[in-house]
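Novice: I'd like to ask you about the structure that follows.
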Amino acid sequence: MERLQLSLRYLRRNTSLAIGLGILIFLVLFTVTGYMIIDPKVDPYPLAGPGSSPPTLNYCPRSDPECENTEPKAYIFGTDAQGRDLYGVAVAGTWMTVQIGLMAGIIGLGVGAFLGFTSAFYGGWYDLIVRWAVDVMLTVPGLLLLVVIASSMGEQRITVTGMGVIIAAISWRGPARVIRSQVLSMREQSYVMMARLNGMGGMGIIFREMMPNLLPYLGASLVGAVTAAIFASMGLAALGLGPLREPTLGVTIYWVINQSAFLRGLWWWGAVPIGIVALIFVMLFLISIGLDEVANPRVRRAE
Amino acid sequence: MSRDVVLDINDLDVQYYTDAGIVYANNKINLKLRAGERLGLVGESGSGKSTLALAILGMIKPPGGIAGGEILLSGRDITKLTEEETRQVRGREISMIPQGAMNSLNPVMRVNDQIIDSMIDHELGLSKADMLQMAGDALEAVELDRSVGHMYPHELSGGMKQRACIAIAISMKPKVIIADEPTSALDVVTQRQVMQTIRHIQEEMGAAVILIGHDMGLMAQFVDRLAVMYAGQMAEIAPKEGAFRTPMHPYTQMLIDSLPRLGAKGVFHGIPGITPLLRDLPPGCVFNPRCPQAFGPCQETVPQFLEHRPNQWVACHLYESEPARS
Amino acid sequence: MSELLLELKNVTKQFKGGTVALDNISFSIDANNPSIIAVAGESGSGKTTLGLMSLGFLEPSAGRIKYKGKDLSKLNSQERTEFRKEVQAVFQDPFAVYNPFYKVDHIMEVPIANFKMASNKKEAREMMEQALISVGLRPEETLGRFPHQMSGGQRQRMALARALLLRPRLLIADEPVSMVDASLRATILEALDKLNKEFGITVLYITHDLTTAYHVSDYILILYRGSIMEAGDVESIIRNPQHPYTQLLIGSIPWPDLDRIWGEDIAVIDIEEDHSEASRVGCKFAGRCPHVMDKCKVAPPPLYWPDDNNRVASCYLFDNKEVLPGEDVGTLFRSKKVAVSR
């Protein structure tokens, strides 16, 4: 209880983290309630509703001027040119995009952290090889690599899960580097020497002694990796290399460009994905600044 | 020999406001420093001695603040000055020799430039040539060759670097020099040389020195008077002989008793118990939970800091039955 | 069995970049006669390196370190575990040895588990409490806390409790009181003394502070730039140092004693460190020694016996005296005390 109170008081001072977490909670609620309202197999897909309808609370088909025979339906975000209910797209798309980000982020962090820990701790030839591999891979432009991989798989084969795995191919680089340098300095700490004196072996020291102290860095790395992954997925999708059948936010943007939504006056079609993406990035940015302060107490502002 | 009181601290209170409560870092500190004297300030970590030094230098920043009392420098209350005025006083009238010389010198500036750096900041209205002259004088005063001024810090040895720091501290001939464990990073041989240098300069300049530290041996060899702090309060201030031979406060007594002495091998007199946290002080005398001589009033009232013997001040109920001198 | 616990034979340690931290040191520890041996020197003397090598954390560039007759770098896993149990340490920084993520109990729970010292949690807890009480700590005030919730003195005493718990035969204490306040030092030194006298643990007390070395140890080894200058009985050396370096050192110590003024007995030239060729090849102190002779610059002096006391000095001033056989200063540290039954 006391810990909770102290955490809440800390949040009051760390506004970035507080606002970031607030947006996160909002998005989670949005998605959860959304899934209860929509029919996830129908609404976010074409022909769910009338085409090109602007946001309205009370839809009336043009065929029935007095709305007598049809049930009034609300399309609060409107529909796109192919009849997708954009509210459904917003709900399903947000979750799918986040799924991609999390998958790529977690796989990337897992692989990167493992490489970072082991190469820093054991040193020697292994460290040399890993370091070389990471440095070389870091110089390869990520998007280029992804475009090559994605386009060689063919449009039809890419699913949401597939996107996550593809993007993981570049997410591991940053964490590997950052965590390796952290562990290099931690290795010299006295408590590591003490752990050795206590009879602990290498792996034990890595997992039980060093890793718990790196949790803030791992958290910050995860946020960074997820941000980069979502960014990459947007890029790929906008180029047409995303899962075109699924209503992810990136793919929606692809259709917006492809179908010249703005030129046709269908502004709401673009506004929905762009708005949500902007909100997601602001949230990730604020959380990462907030976590930076947690990990680095010297940055903390006094009350 | 009556000398002018150059630093007069009266009932100083310094507090820090934290999430976990108010930390009473300094409580009713009373201290008078005379021109030319060497005062040692000892206390455990958590005793508040560093806070006192910061208060004198005007460097207490939020979440800390001076909650009461005054610090008079030649009659002027420096706790009431503006930021700008404090800056003028710091470095010029009160200066500090820091603990780690290695970390206090700018590695990309020559020594001379670092000495005149603070002179420039204080807008003394001198020409560059004059300031360089003063810098050279300062270097000579610390027994370094004038040519050292043209060198970079990495070209100097540990002892020389510390002396360069001293030169910076004395370049504007301050009245009060605060030396915060100036020799803790030096070996014993260099330590003696550097302390001799400090003594030599301060005697020549007539400046007063406050030596903060842990090393009671160093205190015994260097200071005239000793001030002992405990848990944010001043326990005792006594001349050297009084402190080491006839300490009055039980804490001082136990402290002196615990020191290693030739001929007292294998005899250990540690002080049992632990220091209280500054935000959670016991009622009455702060030392009472650990004091072997505690009695009735100790748990209820805070003893006053009075001159119970000529020139020896102590805050302890044991002496309050004796007539106190003002 | 008078098997030596630890033996350093002609050990030299040179780091990348050329610094020689230890130069041809021979030193053995016979844990059957537990005593407290101080290893004293300034920074750069090699004392910390000596400690780390004795713990098996650094390997010698030349020479060998033997544990119970076996080469330390060639122990198998079982022997290594035994080594870890028998040789323990306490370090300088009371805070850094605790993993800030865990409660302080962690530092004792881990070795109990790894060395299989208790069969269940209750037994382990009892062992921990016993150890804490032995060093003057109260279990209810310490167990269950985080490192930052305890004072420096408490943390250091707990580190000693941990060492005691493991019942090692040799404890390497690397500057255990230098980061602890003056008022608490006596308590910690007392705990070290107790470990030696009551529990029969040999203590290697590494320090730069000769006053505490005098206070707690039986024997002392004075190191200067990787070589032994003087070694033996601590009373003789501190009261009547024979080696010019030891004389300089002891004369510069500020004793907390108003009757001893520092610098009084020094008749040497206080000049700065000298890293000239002469001192690298010959006696390390040659560049600063007021009694330097030509032969000092050619080869380092062996350890001579300057007088009838139990100590040796490495100085050509005594070259008409006997030399310590085998150059192993460890032979001077065999106390006449009978080993306490454990």
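The values are calculated or read from the model by the stated rules, or taken from the named source; none is laboratory data. Note that the structure is predicted; figures quoted are calculated from it, not measured. Cβ placement follows ideal geometry from the backbone for every residue including glycine, while neighbour counts extend to all protein chains displayed.
Novice: Determine if segment B:220-231 includes at least one residue that is more than 18 Å from the chain's Cα centre (by Cα) and either surrounded by fewer than 22 Cβ atoms within 10 Å (Cβ to Cβ) or without any contact (Cβ under 8 Å) to a residue 60 or more places away in the chain (or both). It would help to see each step written out before you state the result.
Specialist: Going residue by residue through segment B:220-231, those that are more than 18 Å from the chain's Cα centre (by Cα) are none.
No: zero hits.
Novice: Also, I was wondering about something else. Quick one: is C:SER134 of a type outside the set (Phe, Trp, Tyr), away from every other protein chain (no Cβ under 13 Å) and over 26 Å from the mean Cα position of the chain (by Cα)? Break it down into steps so the answer makes sense when it comes.
Specialist: Numbers: of a type outside the set (Phe, Trp, Tyr): yes; away from every other protein chain (no Cβ under 13 Å): yes; over 26 Å from the mean Cα position of the chain (by Cα): no.
Answer is no for this residue.
Novice: Out of the residues in segment B:171-188 that are away from every other protein chain (no Cβ under 13 Å) and not in a loop (DSSP other than H, G, I, E, B), state the one that is farthest from B:LEU132 (Cα to Cα). Talk me through it step by step, then tell me what you get.
Specialist: Filtering segment B:171-188 down to residues away from every other protein chain (no Cβ under 13 Å) leaves B:171-180, B:182.
From what is left, the residues that are not in a loop (DSSP other than H, G, I, E, B) are B:176-180.
Working: B:VAL176: 23, B:ILE177: 21, B:ILE178: 24, B:ALA179: 24, B:ASP180: 27 Å.
So, considering only residues that are away from every other protein chain (no Cβ under 13 Å) and not in a loop (DSSP other than H, G, I, E, B), the one farthest from B:LEU132 (Cα to Cα) is B:ASP180.
Novice: With respect to A:VAL251, determine if the residue is closer than 30 Å to A:ILE179 by Cβ and surrounded by 19 or more Cβ atoms within 10 Å (Cβ to Cβ). Let's see the steps before the verdict.
Specialist: Numbers: closer than 30 Å to A:ILE179 by Cβ: no; surrounded by 19 or more Cβ atoms within 10 Å (Cβ to Cβ): yes.
So A:VAL251 fails the test.
Novice: Any idea which residue in segment C:55-79 is farthest from C:LEU204 (Cα to Cα), counting only those that are surrounded by 15 or more Cβ atoms within 10 Å (Cβ to Cβ) and within 12 Å of another protein chain (Cβ to nearest Cβ)?
Specialist: Among them, the one singled out is C:LEU58.
Novice: Would you check which residues across segment C:59-73 are small (Gly, Ala, Ser) and in a strand (DSSP E or B) and list them? Show your work before the answer.
Specialist: Filtering segment C:59-73 for residues small (Gly, Ala, Ser) gives C:61-63, C:69, C:73.
If the condition is that a residue be small (Gly, Ala, Ser) and in a strand (DSSP E or B), then C:ALA62, C:GLY63 are the ones that fit.
Novice: Which pairs do you get when a residue that is over 15 Å from B:ASP13 (Cα atoms), found in segment B:61-89, comes within reach of a residue that is of a type outside the set (A, V, I, L, M, F, W, C), reach meaning Cβ atoms under 6 angstrom, with the pair 6+ apart or on two chains?
Specialist: Matching pairs, first to second residue: B:THR86/B:GLY58.
Novice: Taking interchain pairs and intrachain pairs at least six residues apart, which have beta carbon atoms under 8 angstrom, with the first residue in segment C:250-263 and more than 7 Å from chain B (Cβ to nearest Cβ) and the second small (Gly, Ala, Ser)?
Specialist: Within 8 Å, the pairs are C:GLY251/C:GLY263.
Novice: Which one of B:GLU236, B:GLU300 is within 30 Å of B:THR18 (Cα to Cα) and touching a Ser or Thr at 6+ places or on another chain (Cβ under 6 Å)?
Specialist: Working: B:GLU300 fails: touching a Ser or Thr at 6+ places or on another chain (Cβ under 6 Å).
Just a single option satisfies the conditions, and that option is B:GLU236.
Novice: Just the residues that are assigned to a helix (DSSP H, G or I), surrounded by fewer than 23 Cβ atoms within 10 Å (Cβ to Cβ) and facing chain C (nearest Cβ under 8 Å), please, taken from segment B:233-288.
Specialist: Scanning segment B:233-288 gives B:LYS240, B:GLU241, B:PHE244, B:ARG245, B:MET254, B:ILE256.
Novice: Still on this structure, I have one more. So which residues in segment C:260-296 are at pLDDT 75 or above and of a type in the set (A, V, I, L, M, F, W, C), if there are any at all?
Specialist: Applying the first criterion (at pLDDT 75 or above) to segment C:260-296 yields C:260-262, C:281-296.
Once the filter is applied, which keeps residues that are at pLDDT 75 or above and of a type in the set (A, V, I, L, M, F, W, C), segment C:260-296 yields C:ILE261, C:TRP262, C:VAL281, C:CYS283, C:PHE285, C:ALA286, C:CYS289, C:VAL292, C:MET293, C:CYS296.
Novice: While we're on this one: From A:GLU209, A:GLU246, grab the single residue that is over 15 Å from the mean Cα position of the chain (by Cα) and part of a helix (DSSP H, G or I). Let's see the steps before the verdict.
Specialist: Working: A:GLU246 fails: part of a helix (DSSP H, G or I).
That would be A:GLU209, the only listed residue that is over 15 Å from the mean Cα position of the chain (by Cα) and part of a helix (DSSP H, G or I).
Novice: Give the residue that is nearest to the chain's Cα centre (by Cα), with candidates limited to residues of segment A:252-291 that are closer than 24 Å to A:ALA225 by Cα and without any contact (Cβ under 8 Å) to a residue 40 or more places away in the chain. Spell out the reasoning first.
Specialist: Within segment A:252-291, the subset closer than 24 Å to A:ALA225 by Cα is A:252-254, A:273-291.
In the following step, the residues that additionally are without any contact (Cβ under 8 Å) to a residue 40 or more places away in the chain were identified as A:253-254, A:274-275, A:278.
Numbers: A:ILE253: 16, A:TYR254: 18, A:ILE274: 15, A:GLY275: 15, A:ALA278: 12 Å.
Only one residue fits best here, namely A:ALA278.
Novice: For residues in segment B:189-216 being over 14 Å from the mean Cα position of the chain (by Cα) and of a type in the set (Asp, Glu), which is nearest to the other protein chains (Cβ to nearest Cβ)?
Specialist: Looking at residues that are over 14 Å from the mean Cα position of the chain (by Cα) and of a type in the set (Asp, Glu), I get B:GLU203.
Novice: Could you pull out the residue among B:THR190, B:THR197 that is in contact (Cβ under 8 Å) with a residue 24 or more places away in the chain, among the hydroxyl-bearing types (Ser, Thr, Tyr) and in contact with a Ser or Thr (Cβ under 9 Å, 6 or more places away or on another chain)? Give the derivation first.
Specialist: Working: B:THR197 fails: in contact with a Ser or Thr (Cβ under 9 Å, 6 or more places away or on another chain).
Of the residues listed, the single one that is in contact (Cβ under 8 Å) with a residue 24 or more places away in the chain, among the hydroxyl-bearing types (Ser, Thr, Tyr) and in contact with a Ser or Thr (Cβ under 9 Å, 6 or more places away or on another chain) is B:THR190.
Novice: Taking A:MET194 as meeting all but one of (1) closer than 23 Å to A:MET103 by Cβ; (2) out of contact with any Leu (no Cβ under 9 Å at 6 or more places or on another chain), write down the number of the exception.
Specialist: (1)
Novice: Look at B:LYS28 and say whether it is more than 14 Å from every other protein chain (Cβ to nearest Cβ), among the charged types (D, E, K, R), within 14 Å of the chain's Cα centre (by Cα) and assigned to a strand (DSSP E or B). Steps first, answer last, please.
Specialist: On the way: more than 14 Å from every other protein chain (Cβ to nearest Cβ): yes; among the charged types (D, E, K, R): yes; within 14 Å of the chain's Cα centre (by Cα): no; assigned to a strand (DSSP E or B): yes.
Considered against the rule, which asks whether it is more than 14 Å from every other protein chain (Cβ to nearest Cβ), among the charged types (D, E, K, R), within 14 Å of the chain's Cα centre (by Cα) and assigned to a strand (DSSP E or B), B:LYS28 comes out as no.
Novice: Considering each of C:LEU204, C:LEU192 in turn, give the residue that is in contact (Cβ under 8 Å) with a residue 40 or more places away in the chain and in a helix (DSSP H, G or I).
Specialist: On the way: C:LEU204 fails: in a helix (DSSP H, G or I).
Residue meeting the stated conditions: C:LEU192.
Novice: May I ask you to list the residues in segment C:105-121 that are more than 13 Å from C:ARG84 (Cβ to Cβ), facing chain A (nearest Cβ under 9 Å) and not in a helix (DSSP H, G or I)?
Specialist: none
Novice: Next question, about the same structure. B:ARG163: in contact with a Phe, Trp or Tyr (Cβ under 8 Å, 6 or more places away or on another chain) and over 20 Å from B:LEU31 (Cβ atoms), yes or no?
Specialist: On the way: in contact with a Phe, Trp or Tyr (Cβ under 8 Å, 6 or more places away or on another chain): no; over 20 Å from B:LEU31 (Cβ atoms): yes.
When the stated conditions are applied, B:ARG163 does not pass them.
Novice: Further, regarding this structure: Only residues that are under 24 Å from the mean Cα position of the chain (by Cα) and either in a helix (DSSP H, G or I) or closer than 24 Å to B:VAL89 by Cβ (or both): list them for segment B:115-148, please. If you could, list the steps in order and put the result at the bottom.
Specialist: So the first thing to find is which residues in segment B:115-148 are under 24 Å from the mean Cα position of the chain (by Cα), and the list is B:115, B:118-119, B:122, B:138-139, B:141-143.
Hits for segment B:115-148 are B:ILE115, B:SER118, B:MET119, B:HIS122, B:ALA138, B:LEU139, B:ALA141, B:VAL142.
Novice: Can you pull out the residues in segment A:183-224 that are surrounded by fewer than 20 Cβ atoms within 10 Å (Cβ to Cβ), among the polar types (S, T, N, Q) and in contact (Cβ under 8 Å) with a residue 24 or more places away in the chain?
Specialist: A:ASN213
Novice: Any idea which of C:SER35, C:SER43, C:SER2 is at pLDDT 90 or above, over 19 Å from C:ALA313 (Cα atoms) and of a type in the set (Gly, Ala, Ser)?
Specialist: C:SER35
Novice: In segment B:111-133, which residues are surrounded by fewer than 13 Cβ atoms within 10 Å (Cβ to Cβ), under 22 Å from B:MET151 (Cα atoms) and of a type outside the set (S, T, N, Q)?
Specialist: The answer is B:ILE120, B:LYS128, B:ALA129.
Novice: Do we have any residue at all in segment C:29-42 that's within 11 Å of chain A (Cβ to nearest Cβ), of a type in the set (A, V, I, L, M) and outside any helix (DSSP H, G or I)?
Specialist: Going through segment C:29-42, the residues within 11 Å of chain A (Cβ to nearest Cβ) turn out to be none.
Looking through segment C:29-42, none of the residues is within 11 Å of chain A (Cβ to nearest Cβ), of a type in the set (A, V, I, L, M) and outside any helix (DSSP H, G or I).
Novice: Condition check: surrounded by fewer than 24 Cβ atoms within 10 Å (Cβ to Cβ), more than 18 Å from C:GLY282 (Cα to Cα), touching a residue at least 12 places away in the same chain (Cβ under 8 Å) and away from chain B (no Cβ under 12 Å). Does C:GLN242 satisfy that?
Specialist: Numbers: surrounded by fewer than 24 Cβ atoms within 10 Å (Cβ to Cβ): yes; more than 18 Å from C:GLY282 (Cα to Cα): yes; touching a residue at least 12 places away in the same chain (Cβ under 8 Å): yes; away from chain B (no Cβ under 12 Å): yes.
So C:GLN242 fits the description; yes.
Novice: For B:MET1, only one of the following conditions fails: (1) more than 14 Å from chain C (Cβ to nearest Cβ); (2) at pLDDT 90 or above. What is its number?
Specialist: (2)
Novice: Against the condition among the β-branched types (Val, Ile, Thr), within 23 Å of A:ASN14 (Cβ to Cβ) and assigned to a helix (DSSP H, G or I), how does A:VAL294 come out, does it pass? Lay out the reasoning, then the answer.
Specialist: Details: among the β-branched types (Val, Ile, Thr): yes; within 23 Å of A:ASN14 (Cβ to Cβ): yes; assigned to a helix (DSSP H, G or I): yes.
Considered against the rule, which asks whether it is among the β-branched types (Val, Ile, Thr), within 23 Å of A:ASN14 (Cβ to Cβ) and assigned to a helix (DSSP H, G or I), A:VAL294 comes out as yes.
Novice: Another question, if that's okay. Using beta carbons and a limit of 9 Å, which pairs, at least six apart or on different chains, have the first residue in segment B:139-160 and within 18 Å of B:PRO107 (Cα to Cα) and the second one aromatic (Phe, Trp, Tyr) and assigned to a helix (DSSP H, G or I)?
Specialist: Hits for this filter: zero, empty list.
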